[in-house]
Amino acid sequence: MFTLALALAASLSVPVQGARIAPPDTVGCERPALLWDYGTAKDNRDEAALKRLRRQGCTELEGVAYERVSDQNGVVVIRVFRNSDWSSSELLYTFDEMLRAPGSQADVAADDLS
């Protein structure tokens, strides 16, 4: 039993293989509704709304490791690894277009999923 617990702990601390790096201007939100509100505020250049949405659960992800979990209608569920391990990962919602920054590693990775 101790060996199993030790193996599990070791596997959770191993850096995530196959994770991609979020390109500049990528934002992830805790709920899809927040993501849509963030997109609207960004399009309208509404800095007050953007600040409020960051407090409510939207965060910038530039340079953070992630994996695509699922996508539907341009909204992608990603697992974000801020500390490069599964134990600290979280699921966030982002727009597919944010992950497809021209020339980025994420652009290539997104195409590999098709």
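What follows is calculated from the coordinates using simple rules that are stated; it is not laboratory data. Keep in mind that what you see is a predicted model, and the values were worked out from it rather than measured. Quick reminder, even Gly has a Cβ in these numbers, built from the backbone with ideal geometry, and neighbours come from all protein chains shown.
Applying 1/(1 + (r/R0)^6) with R0 = 25 Å to the Cβ-Cβ distance of A49 and S70 gives a FRET efficiency near 0.40. Taking 7 Å steps out from each Cα toward its Cβ at E60 and D85 produces label points 2.8 nm apart. Simple point charges give the picture: +1 on the Cβ of Lys and Arg, -1 on the Cβ of Asp and Glu, and for the range 27-98 a dipole about the Cα centre of about 260 debye.
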